[in-house]
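The block underneath contains the structure these notes are about, expressed in structure tokens.
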Amino acid sequence: MGIFEAIVLGIVQGITEFLPVSSSGHLVILQKVFGILEPALLFDTMLHIGTLFAVFFVLWKDILKILKAPIQRITGLLIIATIPIVVIALIFKAFIKEVFSSASYIGFFFLVTATALFLAERLSKRAGETKNESEMNWKDALIIGILQGIAIMPGVSRSGLTLSGALSRKLERGFAARFSFLMSIPAILGALVFQLKDVIKSDAIVFSGSALLPIVIGTVTAAIVGIFSVRLMLKIVREKSLTGFAIYVTIIGTITLIDQYITKFYF
């Protein structure tokens, strides 16, 4: 992998990890476009570390508040919301790996994200008071967590489904976005732990200086772009609609399906 590809993939990861358009789906498509036949496991792991840094950088006040007093309401809600993705990852590990390697359903999964975003906006606009952090309950956290578990699939956006779940449960939009990004911390850390064993087993940890440079550049790019993406998404969720993202994902999902089943340029 060259430096140009590393920068492009880092930018895409930094943007799509937090915008509700599916980072995994976009990376799979770019791997097809660039002709990367085998997934670069170490590179993928480092990109996620970069985006994890972005969350810590932007939400450091929320994170510091939790670290100072771990036993509190928000911690319990985050734990409940994290349990489903752990269970789903353990039970369906083989299936998830197969889906990622084949990318057979990625077009359909993009449309799943679009549908969730459309429905969330519609449900959030119905009459009724929104709930703040103190009013959120364990059922809200569990439903959002289940949606995060479903978002393991490539093409299904983690931030898209968790935001959709939060908005459909009438959570206040600003808090919904912050909770979604805080949820990403254990989710990304968990994914890194799962990947670490495979990285150690592979030859990826043995590299030359020329191989190291694209990894470093891609990671730093993902972190920098991710910082701007988190800040942008927090603002968009508070002040705007997610419908534009839903339309975009519908378009890219449709194009992907056309290529998968008709044109076959990349799939």
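Throughout, read-outs are computed from the coordinates displayed, never taken from laboratory work. This is a predicted model, so every value here is computed, not measured. As a convention, Cβ positions derive from the backbone with ideal geometry for all residues, glycine included, and neighbour counts pool all protein chains shown.
Please give the calculated 222 nm ellipticity per residue for the chain, where each DSSP H segment of at least 4 residues contributes -39500 (n - 2.57) and the sum is spread over every residue; nearest 500 deg cm²/dmol?
Theoretical 222 nm ellipticity from helices: -25000 deg cm²/dmol.
Could you tell me how many degrees, from 0 to 90 and to the nearest 10, lie between the Cα long axis of helix 173-201 and the main elongation axis, the longest principal axis, of the Cα atoms of the chain?
Relative to the chain, helix 173-201 is tipped by roughly 30 degrees.
I need the peptides 12-22, 50-60 ranked by packing, meaning the mean over residues of other C-beta atoms within 10 angstrom, with the highest value on top.
Details: 12-22: 26.1, 50-60: 19.5.
Ranking, from highest mean packing down: 12-22, 50-60.
Return one quarter of the surface area of the convex hull spanned by the alpha-carbon atoms of the chain, equal to its mean projected area, in nm².
Working: hull surface 55.9 nm².
Computed as one quarter of the Cα hull surface, the answer is 14.0 nm².
For the stretch 61-185, count the residues as N, evaluate 2.2 N^0.38 Å, and divide the Cα radius of gyration by that value, please.
1.10
Relative contact order of the chain: what whole-number percent is it, with Cα pairs under 8 angstrom and at least 6 residues apart?
Relative contact order, the chain: 40 percent.
A 23 angstrom limit on the alpha carbon distance is what I want to check against. Which of 68/170; 65/131; 131/240; 68/131; 68/240; 97/170 exceed it? Mind showing how you got there, number by number?
Numbers: 68/170 28 Å; 65/131 21 Å; 131/240 18 Å; 68/131 25 Å; 68/240 33 Å; 97/170 34 Å.
Where the Cα-Cα span goes over 23 Å, the pairs concerned are 68/170; 68/131; 68/240; 97/170.
Ordered by residue, what ³J(HN,Hα) values in Hz, to whole numbers, does the stretch 235-249 give under the Karplus form 6.51 cos²θ - 1.76 cosθ + 1.60, where θ = phi - 60° and Gly and Pro are x?
Result, ordered by residue: 5, 5, 5, 5, 10, 10, 9, 8, 4, x, 5, 4, 5, 4, 5 Hz.
List the residues whose amide H sits under 5 Å from the amide H of residue 171, counting only those 5 or more places along or on another chain, with H placed 1.01 Å from N in the peptide plane.
Residues meeting the criterion, in which the H sits 1.01 Å from N, are 131.
Sort out the exposed loop trypsin sites (Lys or Arg not before Pro) in the chain (DSSP loop, at most 15 other Cβ within 10 Å) and tell me the longest stretch that has none.
My reading of the result: 1-124 is the longest stretch.
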